[in-house]
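All remarks here apply to the structure that follows.
The values are calculated or read from the model by the stated rules, or taken from the named source; none is laboratory data. None of the values given here were measured: they were computed from a predicted structure. Here the Cβ positions follow ideal geometry from the backbone for every residue, glycine too, while neighbour counts run over all protein chains shown.
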Amino acid sequence: MMLHRLRYNCIGLLLLLLSVPGMANQRLELTTVANSPDTSVSSDVLKEAYRRLGIDISIRGLGASEALQRSNSGLADGEVQRIDGISRNFPNLIQVPIPINYIQGAVFSKNSALKLRGWYSLRTFKIGLVKGIIFAEKGTSGMQVQMTETYDQLIELLLNDQVDLIVVPYINGAVAIRQHPQGGQLHLNGILETYLLYHYLHKTHEKLVPAITSTLKSMLLDGAITTMRSKIVSDLTGDSSQ
């Protein structure tokens with residue numbers, strides 16, 4: 001039964017490949033957020049997925065907002081990873097419907113005793129964010145927010161008491177704090193929410209969506225994505241449980 005299913009999946013993928021003209025000769029440029037460690041997982045997943053399709057990809061790191069503008073305008077071929085539903089605001093991007101990674105919205109501060117749960121618990125604090133991190137901007141809408149361009153700048157705000165706490169993707173925050181000389185002063189105060197992450201392609205590559213969807217689905221079901229994520233997160237943070 002399993003052999004029959006595998007044979008069926010292989011035939012289906014072959015038909016998808018044949019239906020996209022010139023696929024093997026394609027090269028795609030994908031944008032992602034620069035200096036954002038959590039993108040390492042999705043970047044490696046997509047390199048493997050597109051390798052299986054015979055497509056070369058290059059990945060260009062940019063500021064979070066600039067990356068989206070470039071991919072939505074068609075200057076790049078797509079986004080490595082974004083949260084669910086960004087096509088509502090960036091209509092030229094097509095969401096590939098298989099999650100390839102996830103992020104956890106985390107709160108860090110200098111106060112080790114502070115315990116926070118849910119976005120509402122942040123309302124009385126001055127909050128620091130990295131500009132273009134969409135889930136954090138949405139979650140803190142209407143609150144006292146100060147934004148920076150980089151994680152290093154964000155940590156400096158917190159260390160200098162210009163904000164009370166910062167909201168970041170857990171992996172990015174943990175890595176930036178681990179690498180900072182004064183990072184030992186900062187503490188994890190809570191996980192606010194978990195978000196699945198998806199690959200997006202510019203609408204000019206609509207015919208490629210079924211093939212990359214099928215490949216990513218196979219990688220998800222056979223455990224390849226989970227294995228890759230656990231190793232990369234462990235290497236980055238020393239903690240494979242997140």
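Of everything in segment 142-159 that is part of a helix (DSSP H, G or I) and in contact with a strand residue (DSSP E or B) (Cβ under 9 Å, 6 or more places away or on another chain), the residue that is surrounded by the most Cβ atoms within 10 Å (Cβ to Cβ) is LEU154. Identify, from the list LEU165, LEU201, the residue that is of a type in the set (A, V, I, L, M, F, W, C) and farther than 18 Å from SER43 by Cα. Result of the check over LEU165, LEU201: LEU165. Looking only at residues of segment 74-115 that are among the β-branched types (Val, Ile, Thr) and at pLDDT below 95, we find that the one that is surrounded by the most Cβ atoms within 10 Å (Cβ to Cβ) is ILE103. Inspect all residues belonging to segment 140-148 and state whether any of them is among the aliphatic types (A, V, I, L, M) and not assigned by TED's automatic domain parsing to the domain that holds ILE171. Checked against the condition, which is being among the aliphatic types (A, V, I, L, M) and not assigned by TED's automatic domain parsing to the domain that holds ILE171, segment 140-148 yields no hits at all.
Every residue, every condition in (1) of a type in the set (Gly, Ala, Ser); (2) over 17 Å from the mean Cα position of the chain (by Cα); (3) on the phi < 0 side of the Ramachandran plot, yes or no:
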{"position": "GLN146", "(1), (2), (3)": "no, yes, yes"}
{"position": "ASP152", "(1), (2), (3)": "no, yes, yes"}
{"position": "LEU157", "(1), (2), (3)": "no, yes, yes"}
{"position": "ASP161", "(1), (2), (3)": "no, yes, no"}
{"position": "PRO169", "(1), (2), (3)": "no, no, yes"}
{"position": "TYR198", "(1), (2), (3)": "no, no, yes"}
{"position": "MET228", "(1), (2), (3)": "no, no, yes"}
{"position": "VAL233", "(1), (2), (3)": "no, no, yes"}
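For residues that are surrounded by fewer than 19 Cβ atoms within 10 Å (Cβ to Cβ) and hydroxyl-bearing (Ser, Thr, Tyr), scanning just segment 120-141, find the one that is nearest to ALA34 (Cα to Cα). The residue in question is SER141. Within segment 119-139, the only residue that satisfies the criterion of being without any contact (Cβ under 8 Å) to a residue 40 or more places away in the chain, within 19 Å of the chain's Cα centre (by Cα) and not in a helix (DSSP H, G or I) is LEU129.
Residues being assigned to a helix (DSSP H, G or I) and either under 17 Å from ILE100 (Cα atoms) or not β-branched (Val, Ile, Thr) (or both) are entirely absent from segment 160-168.
Per the conditions (1) under 22 Å from THR32 (Cα atoms); (2) touching a Leu at 6+ places or on another chain (Cβ under 6 Å); (3) outside any helix (DSSP H, G or I), the sole criterion not satisfied by ILE177 is (3).
Considering segment 153-172 alone, what residues qualify as being of a type in the set (Val, Ile, Thr) and either closer than 18 Å to GLU137 by Cβ or touching a His at 6+ places or on another chain (Cβ under 9 Å) (or both)? Hits for segment 153-172 are ILE155, VAL163, ILE166, VAL167, VAL168.
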